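Participant: Quick one: the structure is below, questions incoming.
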Amino acid sequence: MNHTLLVTGGAGFIGSALIRHLISETGYSVVNLDRLTYAGNPCSLATVTDSPRYCFEHADVRDRGALDRILREHRPSGILHLAAESHVDRSIAAPTDFIDTNIVGTYTLLEAARAYWNELEGNARARFRLLHVSTDEVYGSLSGTGVFTEASPYAPNSPYSASKAASDHLVRAWHRTYGLPVVTSNSSNNYGPYQHPEKFIPRMILHALEGKPLPVYGDGSNIRDWLYVEDQVHALVRILEQGRIGETYNVGGGCERCNLDVVTSICELLDELLPETAHRPHRQLITHVPDRPGHDFRYALDAGKIDRELGWRPRESFETGLRKTVNWYLANRDWWQRATL
């Protein structure tokens, strides 16, 4: 049977990667619900828009009427909730959109999904799932040792991570209180093709291509665990299909790098791939800038649970994933020049 999935935020970075995978590699039909904010780019879905199994709904996850209509018309067997404001610096400068979209939007979706699920019967009711896609930033900051597990306490430190933590708690509560069949994923930093130029890795690539300074917060010692986006979407499908209801799964890349090392690796790749550029060596562009407020020192996830229970582990190393990413931005100048900051 051909099942339909509703993906919220499907024109964003992870959402578009997920939809491209679902259309090209699975038999699912996909409904993409997206408000098309600055971070949503329909060009990221150019390879699937002509598929008869793809449908776009220009709607806001905070619009209950639109959600009810879309669920009623398309009858999805699952929802993958990725719609979110996600940039930490923007959340510090202007947190309102993060509260509205990430908290109120998730609440509105949960209520619409609960009403829809309560009307389902038999196999359709038993099959329905809602996967809430979240971040490792809800756990706060680590020192130089240790890792976050699914049992780690929440300690968000930015408006962005606080809004995502709140949405995680809402999802848990709607499961425990109403029985809504949900599962949650918390992933480490994603990177890869089609990522908006405001994000760390594409910003460094594009600044280096243009000979602009490469701004690194503080001394660059802050550490992140990096996950290639195609590994992420494989994990999400696995969690949706096989994850235990009510559970949380950490999706980690196992690729911890300090920020300065990430930028240096990008510079070295560009030196290799662009031997004729006037900007070599690109590392001369690295510029240290004042640290941002509340900057978490280190994130690291223990992805043992998803490995043990669902048999997922990342395929890409940081070196292979970063090379693919840099090559993609070199080959797709038209895409990133159209993306607005």
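Participant: Any idea what Rg and Dmax come out to for the range 10-66 if you just take the C-alpha atoms, in Å?
Facilitator: Considering the range 10-66 through its Cα atoms, Rg and Dmax are 11.0, 32 Å.
Participant: So, one more: Multiply the residue gap between residue 334 and residue 172 by 0.36 nm, knock off their C-alpha separation, and tell me the result in nm, one decimal place.
Facilitator: Value of the extension gain: 54.2 nm.
Participant: Ignoring GluC sites (Glu not before Pro) that are buried or in helix or strand per DSSP, and keeping those with at most 12 other beta carbon atoms within 10 Å, what is the longest stretch of the chain between them?
Facilitator: 1-120
Participant: Between residue 283 and residue 242, what length comes free when the chain is fully extended (0.36 nm per residue of separation minus the Cα-Cα distance, one decimal in nm)?
Facilitator: Extra length from residue 283 to residue 242 when fully extended: 10.3 nm.
Participant: Here's something else I'd like to know. With each pseudo-label sitting 7 Å past Cα toward Cβ, what's the residue 292-residue 274 distance in nm, one decimal?
Facilitator: 2.3 nm
Participant: Assign one of three labels to the range 119-248, namely rounded, prolate or oblate, based on the Cα gyration tensor with a ≥ b ≥ c the square roots of its eigenvalues; rounded applies when a/c is under 1.5, prolate when it is not and a/b is larger than b/c, and oblate otherwise.
Facilitator: The shape class here is prolate.
Participant: For the chain, take the longest principal axis of its alpha carbons; what is the angle in degrees between that and the long axis of helix 229-242, to the nearest 10 within 0 to 90?
Facilitator: 20 degrees
Participant: Here is a follow-up. With Kirkwood's inverse mean 1/r over C-alpha pairs for Rh, give me the Rg to Rh ratio of the chain, two decimals please.
Facilitator: Using Cα coordinates only, the ratio equals 0.96.
Participant: Further question: Using Cα centres only, tell me the gap between the range 112-139 and the range 42-107 in whole Å.
Facilitator: 15 Å
Participant: Still on this structure, I have one more. Label 7 Å along Cα→Cβ of residue 92; the range 159-192 residues with amide nitrogen under 12 Å?
Facilitator: 159-160
Participant: Give the percent of DSSP beta bridges with both residues in the range 185-341 that are antiparallel, rounded to the nearest 5.
Facilitator: Here the share of antiparallel DSSP bridges comes out near 20 percent.
Participant: Sticking with this structure for a sec: If you split all Cα-Cα distances of the range 207-341 into 5 Å bins from zero, what percentages do you get per bin, shortest first?
Facilitator: Final binned percentages: 2, 9, 15, 16, 17, 16, 11, 7, 4, 1, 0.
Participant: What do you get for the angle between helix 105-119 and the principal long axis of the chain? Use alpha-carbon atoms, 0 to 90 degrees, nearest ten.
Facilitator: For 105-119 against the chain, the angle is about 30 degrees.
Participant: Provide the percentage of antiparallel DSSP beta bridges, counting only those with both residues in the chain; round to the nearest 5.
Facilitator: 10 percent
Participant: Considering just Cα atoms, how many Å³ per residue does the convex hull of the range 230-292 enclose?
Facilitator: It is 133 Å³ per residue.
Participant: Turning to a different aspect of this structure: Please compute the modelled spin-label separation between residue 25 and residue 123, points set 7 Å along Cα→Cβ, answer in nm with one decimal.
Facilitator: 2.6 nm
Participant: If you wrap the range 17-175's Cα atoms in a convex hull and average its projection over all directions, what's the area in nm²?
Facilitator: For the Cα atoms of the range 17-175, the hull's average projected area reads 11.0 nm².
Rule-based calculations on the coordinates, nothing more; no lab input. Note that the coordinates shown come from a computational prediction; the quantities given were computed from them, not determined experimentally. Cβ: placed from backbone, ideal geometry, glycine included. Neighbour counts: every protein chain shown.
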